[in-house]
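The values are calculated or read from the model by the stated rules, or taken from the named source; none is laboratory data. Just so it is clear, the model here is predicted, and its values are computed rather than measured. Note that we place each Cβ from the backbone using ideal geometry, even for glycine, and neighbour counts take in every protein chain shown. To get the accessible areas, we keep the full protein, side chains included, count just its heavy atoms, and leave off ligands, DNA and RNA. Shrake-Rupley method; radii C 1.70, N 1.55, O 1.52, S 1.80 Å.
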Amino acid sequence: MAKRIYISPSSQPDNAYAVGNTNEQEQCRKIAAALKDELDRCGFWSYAGLSGTMYTRAAESDKFGVDLHLPIHTNAFDGKVAGLRIMVSAMGGEAEAIAKAIDKYLAPVTPGKSDGISAMPNLYEIKATDAVCVYLEVGFHDNKEEARWIIDNTELIAEMIARGLCEYYDVGYIPAGGTVRLFSDVDPAAWYAQSVAYCVANGLMVGDPDGKFRPDDPITRAEVAAVAERLHKMLA
């Protein structure tokens, strides 16, 4: 039987992004919708709660009898902090294992440094839902660089979450259209196209916000360092 996943995006429209004239609710709903498409394509049963509040969605999640409740939020602090944060009810159980699988794929592509996984049993959706709950804060919307990245990478964020869930539940990941998404300046027939596809699929490289990979440009020391860090996280 297919695993059942309830996606619960933020319902906080007052949390404005540092750029883009948008807010936490709008962007998290976009991620949730994209994630539903990913999960449905891979054979999961999924539902994205795109209306209501965390209270109504927690009750709806319980009504559906899902296996996983997945809140999706963005965070804010001082405009400088960035990175992925994942919360669970307690360490050492299934929720932590699922969180680690998501962190493996999503953390390497996030601009900031992942803060890892922490136990936050008093968060409402964690304590109020019957299902295992993994609470994602995919970045900091008061950080201009990361806010722009979140806005520009809805599909990538959804893809990496889906890849983590597929790995945990031992489900084969099916890319959109049956092929790994490439960049606008990478010819699918190029000799290096499959290598680029591998790097994208495994979160090692993400390209530019405008959808370009720049295959003919010299690589910088900073780019080498970023790839090395992502590879280290993937193999850790």
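Does the stretch 164-181 contain at least one residue that is open to solvent by 30 Å² or more (accessible area, probe 1.4 Å), touching a Pro at 6+ places or on another chain (Cβ under 9 Å), more than 17 Å from Pro71 (Cα to Cα) and modelled with pLDDT under 95? Yes, some residue in the stretch 164-181 is open to solvent by 30 Å² or more (accessible area, probe 1.4 Å), touching a Pro at 6+ places or on another chain (Cβ under 9 Å), more than 17 Å from Pro71 (Cα to Cα) and modelled with pLDDT under 95. Going residue by residue through the stretch 126-136, is there one that turns out to be surrounded by fewer than 21 Cβ atoms within 10 Å (Cβ to Cβ) and under 13 Å from the mean Cα position of the chain (by Cα)? So far as the stretch 126-136 goes, no, none of its residues is surrounded by fewer than 21 Cβ atoms within 10 Å (Cβ to Cβ) and under 13 Å from the mean Cα position of the chain (by Cα). Selection over the stretch 1-16 of residues that are out of contact with any Cys (no Cβ under 9 Å at 6 or more places or on another chain) and open to solvent by 20 Å² or more (accessible area, probe 1.4 Å) gives a count of 8. The lone criterion from (1) under 20 Å from Pro13 (Cβ atoms); (2) open to solvent by less than 20 Å² (accessible area, probe 1.4 Å) left unmet by Val66 is number (1). Restricting attention to the stretch 187-214, the residues that are over 16 Å from the mean Cα position of the chain (by Cα), of a type in the set (A, V, I, L, M, F, W, C), modelled with pLDDT under 80 and within 24 Å of Ala225 (Cβ to Cβ) total 3.
Listed here are the residues, each with its yes/no results for (1) out of contact with any Lys or Arg (no Cβ under 8 Å at 6 or more places or on another chain); (2) of a type outside the set (Lys, Arg); (3) in contact (Cβ under 8 Å) with a residue 40 or more places away in the chain.
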{"site": "Gly93", "(1), (2), (3)": "yes, yes, no"}
{"site": "Ala99", "(1), (2), (3)": "yes, yes, no"}
{"site": "Tyr105", "(1), (2), (3)": "no, yes, yes"}
{"site": "Pro108", "(1), (2), (3)": "no, yes, yes"}
{"site": "Asn143", "(1), (2), (3)": "no, yes, yes"}
{"site": "Ile150", "(1), (2), (3)": "yes, yes, yes"}
{"site": "Ala158", "(1), (2), (3)": "yes, yes, yes"}
{"site": "Gly172", "(1), (2), (3)": "yes, yes, yes"}
{"site": "Asp187", "(1), (2), (3)": "yes, yes, no"}
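Within the stretch 79-91, track down each residue that is within 20 Å of the chain's Cα centre (by Cα) and on the phi < 0 side of the Ramachandran plot. Within the stretch 79-91, Val81, Ala82, Leu84, Arg85, Ile86, Met87, Val88, Ser89 qualify. Glu146 falls short of the stated requirement of being open to solvent by 60 Å² or more (accessible area, probe 1.4 Å), at pLDDT 85 or above and under 15 Å from Leu106 (Cα atoms).
Answer with yes or no whether Asp62 is among the charged types (D, E, K, R) and part of a loop (DSSP other than H, G, I, E, B). It is false that Asp62 is among the charged types (D, E, K, R) and part of a loop (DSSP other than H, G, I, E, B). Given the conditions (1) part of a strand (DSSP E or B); (2) farther than 28 Å from Arg148 by Cα, which single one is not true for Tyr55? Failed condition: (1). Would the stretch 96-112 turn up any residue that is small (Gly, Ala, Ser) and open to solvent by 30 Å² or more (accessible area, probe 1.4 Å)? Yes, there is a match, as at least one residue in the stretch 96-112 is small (Gly, Ala, Ser) and open to solvent by 30 Å² or more (accessible area, probe 1.4 Å). The residues in the stretch 24-59 that are in contact (Cβ under 8 Å) with a residue 60 or more places away in the chain and of a type in the set (S, T, N, Q) can be counted, and the count is 1.
With respect to Ala76, determine if the residue is over 12 Å from the mean Cα position of the chain (by Cα) and open to solvent by 40 Å² or more (accessible area, probe 1.4 Å). So Ala76 passes the test.
Of the residues making up the stretch 79-95, those that are touching an Asp or Glu at 6+ places or on another chain (Cβ under 6 Å) and open to solvent by 10 Å² or more (accessible area, probe 1.4 Å) are Gly79, Ala82, Arg85.
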